[in-house]
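To start, the structure under review is shown below, and the notes come after it.
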Number of protein chains: 2
Amino acid sequence: MTLWQDIATTLREEIVRGVYPPDSTIPKETALMARHRVGRETIRRAIAQLVAEGLVEPVRRRGTVVRNRPARRRITRSRQVYRDEIGYFFDHTAQGWRPLQTPTVSRGPVPYDVASLLGVEPGAEVTIRDRVMGDPDTRQVKQLATSYIPVEIVTQFPILGQANTGPGGIYDRLEEGGQGPIEWREAISARMPTPTEARLMRLPAGVPVLRIVRLATSPSGRPLEVNETRLNAEEWEVGYPIAREVSAQA
Amino acid sequence: MTLWQDIATTLREEIVRGVYPPDSTIPKETALMARHRVGRETIRRAIAQLVAEGLVEPVRRRGTVVRNRPARRRITRSRQVYRDEIGYFFDHTAQGWRPLQTPTVSRGPVPYDVASLLGVEPGAEVTIRDRVMGDPDTRQVKQLATSYIPVEIVTQFPILGQANTGPGGIYDRLEEGGQGPIEWREAISARMPTPTEARLMRLPAGVPVLRIVRLATSPSGRPLEVNETRLNAEEWEVGYPIAREVSAQA
DNA sequence: CAGTGGTCTAGACCACAAC
DNA sequence: TTGTGGTCTAGACCACTGA
């Protein structure tokens, strides 16, 4: 263990023991330098570790504050798709959210792990639709949603390349064009945010994003779109019920 | 933007553009110092940022390597509970995993966000059961599972405080004791790992853990146990099907 | 065993926000 | 106004590991 790791461990234990409760500050850098008899950068490296863990947050002029993690709110993926006058919603909570900006449409390389879902080569050009969703009153950003659509699909349905795809969005356009009824599959994972995501969603350091990846296919299995939705992982959780149905062997 | 942020942005763009492909190295520190005409610590801070994002990984004697993110493997929470001779399993994949160590049982304060699920005061003493699950052949750790059980439950069912709870585990003991049929509710979120979790699961820096929190209740709604399972979020995703059932209004 | 990244120091100046 | 954390430098030595 190096010096800064020892100091980080000491501070971490004191935080979880409640020596420094949430919303209080840990000792300031000069005090920690004196206590541990080390240079300033050593202290700063220890604190940087705690910041990366999401435990503390430096606030200028106040000190390094112990973060108060709020209880998560639940998003229930109900395995039921809702459609209202705006479009499709995959859970109730998000139904209150609206685009805070006009969706941007661009072309670019498909991310590595989306390529296999879409059935295209890694790095291939696809159409990328970016949406910023949030509370229409407070204008607080709640989730970022990005759609990746193969070029052949956009060639066949040019409106998918437009910012405004009309009522019901791309899914209604695809179904009107004979690709319905669309089937969806979702998976949840997580990763660290890009700096852009962190800025838009006001994510503190050390907070990952929950990542809901949804593949839309035609009944014949043709991949139509991959949607990647990102949420503040400290603020949200995705819930679902478990049916009791014990079997003797899987 | 500060110097180190500019440098981090430049390097990040070069990485995603493919200038430095996965498994290759970015220029070494001395080269970056010369290129950007800054001191070494400035370069190191920029690289530390990319490490925290999970983009690169420093390897001594070789350089700073661009990480190759493997495709995630899917865990399907099938909404169906399986029980075999070992115990209960909530998905197929985990059914092949076994405890790599004897479970440890201790007493300690309940974590903040488990307290409300368990219906106890934040910081109250609970029984904590820790399990390390993994591949029995390679002995690679795949998931960590921690159970939190209120003291009254353990007083009523003392075997829940033992390391070995017998075939079927705590759920069978609770059901034998008249608390069944047990009902479960799950939710998925994510957070940064603790250093202990990172060490056990060999998590590189900048990789969060997927967190599956499961509440077990008796039919009367009495909270019996909260289980927190952690998985490498870069390696795993949790999947489920979506039933097509469009309703006019939610 | 040489070269890479890792740790640590002392010192300087900056920038922000609470008072 | 001022004290806090933020940035940056120059320099020294260490430790691991792959060529």
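For residue B:212, indicate whether it is facing chain A (nearest Cβ under 7 Å), at negative phi and buried (at least 22 other Cβ atoms within 10 Å of the Cβ). First the steps, then the outcome.
On the way: facing chain A (nearest Cβ under 7 Å): no; at negative phi: yes; buried (at least 22 other Cβ atoms within 10 Å of the Cβ): yes.
In short, no.
Residue A:152: loosely packed, with under 14 Cβ neighbours inside 10 Å and either at pLDDT 90 or above or part of a helix (DSSP H, G or I) (or both), yes or no?
Here the answer is yes, as residue A:152 does meet what is asked.
Collect the residues in the stretch B:30-54 that are more than 10 Å from every other protein chain (Cβ to nearest Cβ), surrounded by 13 or more Cβ atoms within 10 Å (Cβ to Cβ) and without any contact (Cβ under 8 Å) to a residue 24 or more places away in the chain, keeping them in residue-number order. I'd like the intermediate steps shown before the answer.
Filtering the stretch B:30-54 for residues more than 10 Å from every other protein chain (Cβ to nearest Cβ) gives B:30-40, B:42-44, B:46-47, B:50.
Now drop any that are not surrounded by 13 or more Cβ atoms within 10 Å (Cβ to Cβ), which leaves B:32-33, B:36, B:38, B:42-44, B:46-47, B:50.
Across the stretch B:30-54, the qualifying residues are B:33, B:44.
Can you tell which of A:148, A:112, A:171 is without any contact (Cβ under 8 Å) to a residue 60 or more places away in the chain and aromatic (Phe, Trp, Tyr)?
Answer to the check: A:112.
Just give me the residues in the stretch A:145-164 being touching a helix residue (DSSP H, G or I) at 6+ places or on another chain (Cβ under 8 Å) and either closer than 18 Å to residue A:223 by Cβ or among the basic types (Lys, Arg) (or both), in sequence order.
Once the filter is applied, which keeps residues that are touching a helix residue (DSSP H, G or I) at 6+ places or on another chain (Cβ under 8 Å) and either closer than 18 Å to residue A:223 by Cβ or among the basic types (Lys, Arg) (or both), the stretch A:145-164 yields A:147, A:148, A:149, A:150, A:153, A:154, A:156, A:157, A:160, A:161.
Is it the case that the stretch A:19-27 has a residue that's within 8 Å of DNA strand C (Cβ to nearest atom) and either in contact with a helix residue (DSSP H, G or I) (Cβ under 8 Å, 6 or more places away or on another chain) or closer than 25 Å to residue A:208 by Cβ (or both)?
No, the conditions are met nowhere in the stretch A:19-27.
Looking at the structure I just gave you, is residue B:156 more than 7 Å from chain A (Cβ to nearest Cβ), touching a residue at least 40 places away in the same chain (Cβ under 8 Å) and out of contact with any Lys or Arg (no Cβ under 7 Å at 6 or more places or on another chain)?
Working: more than 7 Å from chain A (Cβ to nearest Cβ): yes; touching a residue at least 40 places away in the same chain (Cβ under 8 Å): no; out of contact with any Lys or Arg (no Cβ under 7 Å at 6 or more places or on another chain): yes.
No.
Looking only at the stretch A:187-214, which residues are outside any helix (DSSP H, G or I) and basic (Lys, Arg)?
Correct list: A:191, A:202, A:211, A:214.
Yes/no per residue for (1) away from DNA strand D (no atom under 13 Å from the Cβ); (2) assigned to a strand (DSSP E or B); (3) modelled with pLDDT under 90:
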{"position": "A:38", "(1), (2), (3)": "no, no, no"}
{"position": "A:43", "(1), (2), (3)": "no, no, no"}
{"position": "A:49", "(1), (2), (3)": "no, no, no"}
{"position": "A:54", "(1), (2), (3)": "yes, no, no"}
{"position": "A:58", "(1), (2), (3)": "no, yes, no"}
{"position": "A:74", "(1), (2), (3)": "yes, yes, yes"}
{"position": "A:101", "(1), (2), (3)": "yes, no, yes"}
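Somewhere in the stretch A:32-46, is a residue away from DNA strand C (no atom under 13 Å from the Cβ), hydrophobic (A, V, I, L, M, F, W, C) and either farther than 30 Å from residue A:128 by Cα or in the same structural domain as residue A:232 (by TED's automatic domain parsing) (or both)?
No, the stretch A:32-46 contains no residue that is away from DNA strand C (no atom under 13 Å from the Cβ), hydrophobic (A, V, I, L, M, F, W, C) and either farther than 30 Å from residue A:128 by Cα or in the same structural domain as residue A:232 (by TED's automatic domain parsing) (or both).
The values are calculated or read from the model by the stated rules, or taken from the named source; none is laboratory data. What you see is a predicted model; the values in this text were computed from it and never measured. Every residue, glycine among them, receives a Cβ derived from its backbone with ideal geometry; neighbour counts consider all protein chains shown.
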